[in-house]
Amino acid sequence: MEPHLQMLQLLKQNYPDAHYYLRFSNPLELLIATMLAPQTRDVAVNKVTEQLFLKYKTAEDYSQADPEELLGYLSAINYAAKKVQYIQTTCRFLIQKCQGQVPDTMEALTELPGVGRKTANSILINAFNKVVGISVDVHVIRLSQRMGWTKQQNPEKIEKDLMSLFSQQEWKTLSWLLKAHGQKICKAKPDCLHCFMNQICPKHEL
């Protein structure tokens, strides 16, 4: 078995419960959560959205909200004031261009203000169960480079490398597995001594 497939097998064995980390119940909630997530811990986002989603239900609710009232829900979010602006701009775009609904194609999603391929892939995969690519976050970037899966720096080029390495049936969960490993062992400073892949990982630091 090729090393990258061995590593994937080990990730699956060690993180059988890996799952998507932001809580939501519909595509709009996931869009809002992904807009709150940059530079903020997942647990903080999930705690904030628990109350936020009870108050605001539709794109119209967000677009018409008083910015200060909306900001009041986001005290635990980094750069909250800027994110309020992004949310309201995006929701107005949804109303004007998408009948207030979150679209379900890569092309339409990436037309939304501030939505790139990473966010679009997250929404497609987790809200619509449409797998057309791989969501490349900071964990995917760091680990795929260390594990020898890519030499690229650009997230879209990294995504292409990963899509060529793994079959499409693996794309949905790949980012979940890498995030789980990146949070537990392969952190910014990796714990290679205790890593179950240290015998096959090309970047191990034993």
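The values are calculated or read from the model by the stated rules, or taken from the named source; none is laboratory data. This structure is a prediction, so every number in the text was calculated from the model and none was measured. With ideal geometry, Cβ positions are generated from the backbone for all residues, glycine too; neighbour counts draw on all protein chains shown.
Glu170 passes all but one of (1) under 16 Å from Leu8 (Cα atoms); (2) at pLDDT 95 or above; (3) surrounded by 20 or more Cβ atoms within 10 Å (Cβ to Cβ); which number fails?
Single failed check for Glu170: (3).
Cβ-Cβ under 6 Å, sequence separation 6+ or interchain: first residue in the range 58-84 and part of a helix (DSSP H, G or I), partner of a type in the set (Ser, Thr, Tyr) and modelled with pLDDT of 95 or more. Which pairs?
Partner pairs satisfying both residue conditions: Tyr62/Tyr56.
So which residues in the range 98-147 are outside any loop (DSSP other than H, G, I, E, B), under 12 Å from the mean Cα position of the chain (by Cα) and among the hydroxyl-bearing types (Ser, Thr, Tyr)?
Passing the criteria: Thr119, Ser122.
Please specify each residue of the range 148-171 satisfying the condition of being assigned to a helix (DSSP H, G or I) and among the small types (Gly, Ala, Ser).
Listed by number, the list holds a single entry, Ser164.
Results for (1) more than 19 Å from Gly133 (Cα to Cα); (2) touching a residue at least 12 places away in the same chain (Cβ under 8 Å); (3) not in a helix (DSSP H, G or I), shown as yes or no for each residue.
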position	(1), (2), (3)
Thr173	no, yes, no
Lys179	no, yes, no
Gly182	yes, yes, no
Cys186	yes, yes, yes
Leu193	yes, yes, no
Asn198	yes, no, yes
Cys201	yes, yes, yes
